[in-house]
Amino acid sequence: MFDNCYFLSYLFFDAENHEVTRSNHKNSSTANFIEYNKKASVIMNSPLVSIITPAYNAEKYIKTAIDSIINQSYINWELIVIDDASRDNTWKIVQKYYKTDARIKILRNRTNLNVSRCLNLAISYSRGKYIARMDADDWSFPNRIKEQVTFMENDSNIVASGGAMMVCDVNLKKLYDRKYPKSDTQIRKSIFRTSPFCQPSMIYRTKSLIEIGGFTDKEFNEDLDLILRLGQKGKFRNITNLAIKHRLLHNSLTSQNIRMMEIDTLKLRYLAVIKYQYRFNLNDIGFNFSSFFAPITYQRKALLVKKIFGKNVICIELQAEPWASKPFFDVSIKEQEKTMDLEKFKENIAYAKATGMDTFYFWGVEWWYWMKTTQNHPQIWNEAKTVFNK
């Protein structure tokens, strides 16, 4: 079956019988396949990367996502798109791409499945040495795959790695950049405080992914669950370069789902210690609770208060300074920037705006001034001036 994967046609996954049937149609893009083979010398020296993309009602954004893969500087890839029984034009859009690029496979579920089952289905059709994630509403930078493959090839002990992301609005206009801990030690510690990876930018070593059985059939937090298990097989790393542009879609979850995700996250972190032998101390937990509660949580609470009491809710302590056990002048700048720097400042503001509240009181103005006047670090002060002048 895999020998003919470049000619794979419309596939339908039966959620009840777990069977896949294939039509008699064959991909008409043989010419494209031959064209790619002209670059055989490059391909032979480059491992195949299987890029997997679940898609549900993604007609608004999936063209942008697929185009960003087609325009990669790295050419030895296959893209496997799983249409999870979409009700819009997602399937028609991916069919067009399938007919024009021999590296693209498309599959369609008869009924809607959860994300983890779609990912496992895509993995079962993957032939690559590496498997990379790509969300249907994101955009990959042109050198993303090339940089990630080079990174993984240089260290065989790494089983999974990710990159930084540019957080954007629905039109891919930049809001802020978000970077992640780089070393294996830093990543393992941060698991107890926040998400240590940009999940849509992840690349995995296929062999290790298969050995742990892929994703578990979870409705929420399938990524964190996978990472905890994958950590038993090798090391983690993150590259510092931007890998993707990620659309911030605030209304993608209901408040009920958010609460369930919060509870499930705490359960998984408990398992990290009890079952998977991850180790942490109180400093690793930190004080950043934004990863526990999505912005819409506060938005719904504010709406509830207004409905019951008829009053608006405001934020009176938006963190805009570092957390420290000693006065700032007794703590190094490097240590301070672990809990607050320019990017975290921008991220907190974007998070606050996403709650829908219209009034915020910043906590840390004196620190901005201290950084500007005595430490020659005026970046946050200048950024704050920009925010207040809007």
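The values are calculated or read from the model by the stated rules, or taken from the named source; none is laboratory data. Being a predicted model, the structure only gives us computed values, none of them experimental. Because the Cβ atoms are built from the backbone with ideal geometry, glycine has one as well, and the counts that use them run over all protein chains shown.
Just a few scattered comments:
- Residue match in the stretch 301-310 (condition: surrounded by fewer than 17 Cβ atoms within 10 Å (Cβ to Cβ), more than 29 Å from residue 165 (Cα to Cα), in contact with an Asp or Glu (Cβ under 8 Å, 6 or more places away or on another chain) and not assigned by TED's automatic domain parsing to the domain that holds residue 224): no
- Selected residue (criterion: surrounded by the most Cβ atoms within 10 Å (Cβ to Cβ)) from residues of the stretch 80-106 that are touching a helix residue (DSSP H, G or I) at 6+ places or on another chain (Cβ under 9 Å) and of a type in the set (Asp, Glu): 83
- Filter result for the condition that a residue is modelled with pLDDT under 95, over 18 Å from the mean Cα position of the chain (by Cα) and β-branched (Val, Ile, Thr), over 100, 150, 90: 100
- Residue in the stretch 222-235 that is of a type in the set (Val, Ile, Thr), closer than 25 Å to residue 351 by Cβ and surrounded by 21 or more Cβ atoms within 10 Å (Cβ to Cβ) present: yes
- Listing of helices (runs of 4 or more DSSP H) fully contained in the stretch 290-382 that carry 1 or more residues being modelled with pLDDT of 80 or more and touching a helix residue (DSSP H, G or I) at 6+ places or on another chain (Cβ under 8 Å): 333-336, 342-354, 365-374
- Taking each residue of the stretch 293-317 that is within 29 Å of residue 194 (Cβ to Cβ) and looking for partners that are modelled with pLDDT under 80 and among the hydroxyl-bearing types (Ser, Thr, Tyr) with beta-carbon atoms closer than 6 Å, six or more apart or interchain, yields 295/355; 298/355; 299/355; 300/255.
- Pairs with Cβ under 6 Å, 6+ apart, first in the stretch 187-205 and closer than 16 Å to residue 115 by Cβ, second basic (Lys, Arg) and surrounded by 20 or more Cβ atoms within 10 Å (Cβ to Cβ): 200/133; 202/133
- Qualifying positions in the stretch 68-79 - in contact (Cβ under 8 Å) with a residue 40 or more places away in the chain and surrounded by fewer than 16 Cβ atoms within 10 Å (Cβ to Cβ): 71, 73
- Condition met for residue 208 (touching a residue at least 12 places away in the same chain (Cβ under 8 Å), surrounded by 15 or more Cβ atoms within 10 Å (Cβ to Cβ) and in a loop (DSSP other than H, G, I, E, B)): no
- Restricting attention to the stretch 97-130, the residues that are in contact with a Cys (Cβ under 8 Å, 6 or more places away or on another chain), under 19 Å from residue 59 (Cα atoms) and not polar (S, T, N, Q) total 1.
- Residue check for residue 74: farther than 17 Å from residue 56 by Cα, aromatic (Phe, Trp, Tyr) and in contact with a strand residue (DSSP E or B) (Cβ under 8 Å, 6 or more places away or on another chain): yes
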